[in-house]
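Take a look at the structure below.
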Amino acid sequence: QAILAQDSSNQYRSFLYVLLLFAVMGEVVSTCSAEDVSDDEESSDKEPGKARYQALPKAQVPASCAGAQSLRGLNVPLQHLLSPLRSNQHALARFLEMLEREEKMASDWVVMYHSYTSSALVYEVQAAIANVLFRFGAKYGSLPRLLKAPFADLPDARAVIKAFPSWPERDCCDAFKSVGICCSTSLISKDPEATPTEVFLRGYSASTVTIAVVEKLLQDCGASKWTFFAGSSVKSLAADILAAAARYDLPQALPLTSQRLGGHLLQIFVHRNHVDKWAYASHPYGHPDGKRRPLGKHLSGPGPIAGQTRLIVNPSVFMRASAARFYVCSADETFHANRSAFQDELSKLLSPILGTPQTRERAAMGVYAGELPSWWTDLG
């Protein structure tokens, strides 16, 4: 173990990661102990079509993930840490990728996790628009907030904390939801509301997002001013987007079934130089948590890291790779594999509002509340 700890070469870390991944994917398995199996799991082998739950390897945290924020201060077997994912090999592989990414970026970045379900289509459309207009990395991650106007009065975490006492509905009010999202500070540790390992497969949603939200987004980006597509309308474009989402197997565009896995998880890296401006430690419903303030210091501490944050996703900052990085994964394996192609399809569908310099400028003005930022240039 001492030799492993001392050898930090990238080649050796990659080797360990591959070994661990093979173990998790079923090359090395063992029988669950009684305390690791719930009542539902004990009876699952009696139901046709259900694979018997198999335990994860009982190894400790691998060297390739040792510096991960989520694992800091923990000395718990992976079997226990990832057990809520059960035997879903796709989910296990995605979580191991996220832990390794945490380790690789730990020196300069803190990480937060945003679980979502019903808002998936809106996030995807916003990412596609931001990719064309601002070179946002839509192939890697979705984008929770795009429109700039709501941030005029609530530009950052300090402004949100100041306004918070005046909100009877706390973070459920429209003012907060237009600028902020709820996040967990660990991929694994217990969260008061949405522990990622527990909500990833089936999803987590505190509100319902309908196709009307997509229509409103398109209008704000200039679609309502079309004069060159006879018979086109915002509603028809939104319907085409929804149909494309169904073709690429986005769960939220398909009929709800008990077998469909609808969860999505956004891994958000925020540069350490920016974290306290844009996020604050919080309790459920957005109540500030003074014990973990300043948040940046807490997230840089020895751990264990746990608890919630409220992240103010100001697009002026969060579309810049120097300040934030987004990586998304989906519980539905088919959509996860199709997502890159779906983003390409969205770009084609959005050509009426993004396909020419004139329409792109109009869309950018819509995103930025009617006034182009001084730094903007057409990237089309």
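So in the range 68-99, with the set limited to residues that are of a type in the set (Lys, Arg) and part of a loop (DSSP other than H, G, I, E, B), which one is most open to solvent (accessible area, probe 1.4 Å)? So, considering only residues that are of a type in the set (Lys, Arg) and part of a loop (DSSP other than H, G, I, E, B), the one most open to solvent (accessible area, probe 1.4 Å) is Arg86.
Out of curiosity, is Thr197 of a type in the set (Val, Ile, Thr) and at pLDDT below 90?
Numbers: of a type in the set (Val, Ile, Thr): yes; at pLDDT below 90: no.
No: the conditions fail for Thr197.
All of Ala331, Ala363 fail the test of being of a type outside the set (Asp, Glu), crowded, with 19+ Cβ neighbours inside 10 Å, touching a Gly at 6+ places or on another chain (Cβ under 8 Å) and under 30 Å from Gln259 (Cβ atoms), apart from Ala331. Of everything listed in (1) open to solvent by 30 Å² or more (accessible area, probe 1.4 Å); (2) closer than 27 Å to Asp153 by Cα, the single unmet condition for Ala324 is (1).
Among the residues of the range 111-166, the ones that are open to solvent by less than 10 Å² (accessible area, probe 1.4 Å), of a type in the set (A, V, I, L, M) and assigned to a helix (DSSP H, G or I) come to 9 in all. What tally of residues in the range 100-110 results from selecting those that are surrounded by fewer than 23 Cβ atoms within 10 Å (Cβ to Cβ) and in a strand (DSSP E or B)? Matching residues across the range 100-110 total 1.
The values are calculated or read from the model by the stated rules, or taken from the named source; none is laboratory data. Computed from a prediction, not measured in an experiment: that's the story for all the values here. No Cβ is skipped: glycine too gets one built from the backbone with ideal geometry, and neighbour counts run over all protein chains shown. Side chains are part of the model used for accessible areas, which takes the heavy atoms of the whole protein and leaves out ligands, DNA and RNA. Shrake-Rupley method; radii C 1.70, N 1.55, O 1.52, S 1.80 Å.
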